[in-house]
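Enquirer: After the structure tokens below, expect a handful of questions from me.
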Amino acid sequence: MGIKGLTKLIGDNAPRAINTNEIHSLFGRKIAIDASMCIYQLLVAVRVGADNLTNDEGEVTSHLNGLFYRTIRLLEIGIKPVYVFDGAPPTMKSGELTKRAEAKKAAEEAAKKAREEGDLEMAEKFSRRVNRVTPAMIDSCKRLVRAMGVPAVEAPCEAEAQCAELVKNGDLFATASEDMDSLTFGTSRLIRYLWAGTASTASKKGIKPTEFALDVVLQDLDLTLPQFIDLCILCGCDYVDGIKGVGVVKALNLIRKHGDLQKVVDTLKKEKSYTVPDPYPVEVLRQMFVEPIVTPAKDVVLKWKRPDVNAIKKLMIEENQFDSAKIENGIKRLLAAKQKTSQVRVDSFFKRATAPNEAERAAKRKAVAETNKKSKKSKTQKSSTSTKGRAAKAKKDVT
């Protein structure tokens, strides 16, 4: 789910933080990719009618086909991907996972009914919602990625949190994910539509990567990072539902007015028109984003190696019966692309300008407030003096 309504909130209140560029502008960048999200998208996109691709054993292979070719495409563009895989989900996410499982079950039943009624179009529509990413699929993806010479990082918990850890440490340029909670975990840059932007139809559909800059988001929303995290929780996230009647705009206004989530929750509990979820453990929810379970960046080794051609052929051709000629051609492209990713961007030699830090922003706000206060006081004094003058003149004229 990510953060409910956050994309629109940023678009309406901090549009300067959003930039849409051609995918080739990311040449030379090292990018953390939320692997589980990408695999799910491939299961939806790589199909023959309503069905996934399968091998001779009837096992789904759509994810391998898509991952192989789109990784090659990223490398051909000059992007150096790092795939980060989810670990065990946090306990607090169990409610969201249950909802997703129920939704898939409902879609599966709807697809079955549509097939029985002969409505193939609706059957295909609902079948796309039934996809399940199994441990075996994840393991095969890790094997493929590593055989291609690309780093595969196994997060102890949430992949988005691990991506953010690597980006915050300066090891990588950005996190690529469709979930906006990557910003809540503190990634300095989030790129959406990167994966879709590598598809062969991306140009025709006008799909381009969209970058969100966290420092500009904070500056233009006039929030500190802790306040932004509180805002995201209040909007509704994977760990707790939103509060009915509190949309993203109201959530922003409440955080600005009260300063932090606990004060907002205490205020809303006193009002009969709002029902705050019970429990609503503010400090625990904050810690899920402030101190998530991750492997420290210093302990993560990132190396882009020469592809293991034999390992690729074994997995793709021998075990999963992909067309040998197509895989051979893909390997040629992969080897050629590896040369491109060794090139360095010119701007990597320069330090990137950043938005003002929290202290500077606070000082600026205080200075503006003081100036406005003095200006208002001065106008009041002038108005008072002017009024007295007019009254004295009027008295004199009467006399």
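Enquirer: How many residues does segment 282-300 contain that are farther than 20 Å from Lys168 by Cβ and surrounded by fewer than 15 Cβ atoms within 10 Å (Cβ to Cβ)?
Expert: So the count comes out to 2.
Enquirer: Looking only at segment 10-25, which residues are buried (at least 18 other Cβ atoms within 10 Å of the Cβ), modelled with pLDDT of 95 or more and assigned to a helix (DSSP H, G or I)?
Expert: Correct list: Ile10, Ala17.
Enquirer: Further question: Contact list please: Cβ distance under 7 Å, first residue in segment 28-51 and closer than 22 Å to Lys303 by Cα and of a type in the set (S, T, N, Q), second residue modelled with pLDDT of 80 or more and surrounded by 19 or more Cβ atoms within 10 Å (Cβ to Cβ), pairs at least six apart or on different chains.
Expert: Ser36/Phe85; Ser36/Asp86; Ser36/Ala159
Enquirer: If you scan segment 192-207, which residues turn out to be surrounded by 12 or more Cβ atoms within 10 Å (Cβ to Cβ) and farther than 22 Å from Asn65 by Cα?
Expert: none
Enquirer: Can Gln262 be described as in a helix (DSSP H, G or I) and either touching a His at 6+ places or on another chain (Cβ under 7 Å) or touching a residue at least 40 places away in the same chain (Cβ under 8 Å) (or both)?
Expert: no
Enquirer: For segment 156-190, which positions are among the small types (Gly, Ala, Ser), under 17 Å from Ala17 (Cα atoms) and in a loop (DSSP other than H, G, I, E, B)? Let's see the steps before the verdict.
Expert: Restricting attention to segment 156-190, the residues satisfying the condition of being among the small types (Gly, Ala, Ser) are 159, 161, 164, 170, 174, 176-177, 182, 186, 188.
Within this subset, residues satisfying the condition of being under 17 Å from Ala17 (Cα atoms) are 174, 176-177, 182, 186, 188.
Matches in segment 156-190: Ser177, Gly186, Ser188.
Enquirer: Here's a follow-up. Quick one: count up the residues across segment 133-155 that are outside any helix (DSSP H, G or I) and at negative phi.
Expert: Count: 9.
Enquirer: Same structure, new question: Those residues that are small (Gly, Ala, Ser), touching a Lys or Arg at 6+ places or on another chain (Cβ under 7 Å) and in contact (Cβ under 8 Å) with a residue 60 or more places away in the chain, I need them from segment 186-245; list them, please.
Expert: We begin by selecting, within segment 186-245, every residue small (Gly, Ala, Ser); these are 186, 188, 196-197, 199-200, 202-203, 206, 213, 236, 242, 245.
Then keep just the ones that are touching a Lys or Arg at 6+ places or on another chain (Cβ under 7 Å); that gives 186, 188, 197, 213, 236, 242.
Gly186, Gly197, Ala213, Gly236, Gly242, listed by residue number.
The values are calculated or read from the model by the stated rules, or taken from the named source; none is laboratory data. Keep in mind that this is a model prediction, so the values were computed, not measured. When we count neighbours, we look across all protein chains shown, and the Cβ atoms used for this are built from the backbone with ideal geometry, even at glycine.
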